[in-house]
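Only the coordinates and a few stated rules stand behind these numbers; no lab work does. All figures in this text were calculated on a predicted structure; none of them were measured in a lab. Ideal geometry is used to build each Cβ from the backbone, glycine not excepted, and the neighbour counts take in all protein chains shown.
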């Protein structure tokens, strides 16, 4: 750590807590060590200071956290024919983000989102400040400049907790939103669809708990967003894995949301259900069942949300385990955003380069700590597949320090996957439109004056 900071002193300056980069090439040269030291520093305050330092360096070098709002407003008027990929990175985050930026530079991609969900923040042990810093460190390392879209995914009100007492659950999510916005997540997907009340007599009353809670959280976001930044907010009307969403539900939610919030920009997009399931459906032998997705639903929901409400379109969750040949259907049906997570995790666990000994260590940890979650009749293959997402957080350092001969083949497979996704979602060449529509605001934040000591 001391050696890294000594090198950093030669290429940046800090005055009154503000960072100035004097030698960008030198910064790139030490970024691998700097971000690792920041993530794993033993002192929590020093750790936060170093993570903030990385973010400020990134902004000075042209990688700027940004809201996708203005791009989505343009998509609401003139759909550009592409679907924005939103990638949840649960492990090997720095290496994977470098792969994404490298591929984005190669294919001139600007329309892409890095995201992490409320639940993932917990089990991957990546708080928003760390996630932002790691993503932006990767941008610096690869030389990516322009807006970087970092998103809070599924900032969810948990139904059980909310029904027990709505106030503490709402305050918890507001606290998470505040933490995320301070970490420069300028895109937040609210998931209050957990509160939909199917016992009510009509669709508006069914959706009322959903849109009222979402409007309260959205108003809070508008209160705390930085000057000059309009955080892009997403809403959701259908729980993943439930019945397919309908235009009537969409209208009930959006009309009710607008009536409730009254002032300020509302949502820029809306997540719907069209047949997918988070992580896919696992068969007893551990393989995935073929997913059936209703693209007609996506097309109809995107058209209604765009034509009647000016939104960017419908958003699809739980899509990364779809077959490769399905992804071209998202831009064809006008889907504005698609969320991808488990497929990347599967590549990390299942690549032939992954040592059986390390995979076994992870599975042992999962069995010892989460074995009670194994349901009756569930095979070990099914259990490990559904639970191995929880094998990243506690073992994060060991994942990070896997040798190059293990990580290189995994990153090659991920690079191929991202190239395929970017191609099928038609975001090749999208940087021109992003740079035209999105003018990121540099929100300057101070770092501790003694951070380099």
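Full-extension gain between residue 212 and residue 295, please, as 0.36 nm times their residue separation minus the C-alpha to C-alpha distance.
Gain on extension, residue 212 to residue 295, equals 27.0 nm.
Report the gain in length on full extension from residue 18 to residue 172: 0.36 nm times residue separation, minus Cα-Cα distance, nm rounded to one decimal.
Answer, rounded to one decimal: 52.3 nm.
Modelling each spin label as a point 7 Å along the Cα-to-Cβ direction, I'd like the residue 420/residue 220 distance in nm, to one decimal.
With each label point 7 Å from Cα toward Cβ, the separation is 4.0 nm.
Based on the alpha-carbon gyration tensor of region 373-453 and its eigenvalue square roots a ≥ b ≥ c, which shape applies: rounded if a/c is under 1.5, prolate if not and a/b is larger than b/c, or oblate?
Since a/c reaches 1.5 but b/c is at least a/b, the shape of region 373-453 is classed as oblate.
Within region 425-449, name every residue whose backbone N is under 20 Å away from a label modeled 7 Å from Cα of residue 182 along the Cβ vector.
442-449
Using Cα centres only, tell me the gap between region 300-322 and region 151-182 in whole Å.
24 Å
Could you tell me whether region 2-60 comes out rounded, prolate or oblate from its Cα gyration tensor? Rule is a ≥ b ≥ c as square roots of the eigenvalues, rounded for a/c under 1.5, then prolate if a/b exceeds b/c, otherwise oblate.
In terms of gyration-tensor shape, oblate.
Which value at 222 nm does the chain reach when only helices count, each DSSP H run of 4 or more adding -39,500 (n - 2.57), with the total divided by all residues and rounded to the nearest 500 deg cm²/dmol?
Rounded to the nearest 500, the figure is -16000 deg cm²/dmol.
So if each residue of separation counts as 0.36 nm, and I subtract the Cα-Cα distance between residue 41 and residue 394, what length gain in nm does that give?
125.6 nm
Cα gyration tensor of region 334-397, axes a ≥ b ≥ c as square roots of the eigenvalues: rounded (a/c below 1.5), prolate (a/b > b/c) or oblate?
oblate
In what order do 41, 317, 154 fall by count of nearby beta-carbon atoms within 10 Å, going from fewest to most?
Ranked by crowding around the Cβ, least crowded first: 41, 154, 317.
What is the calculated FRET efficiency for residue 202 to residue 263, with r their C-beta to C-beta distance and R₀ = 25 Å, to the nearest 0.05?
Once rounded, the FRET efficiency stands at 0.40.
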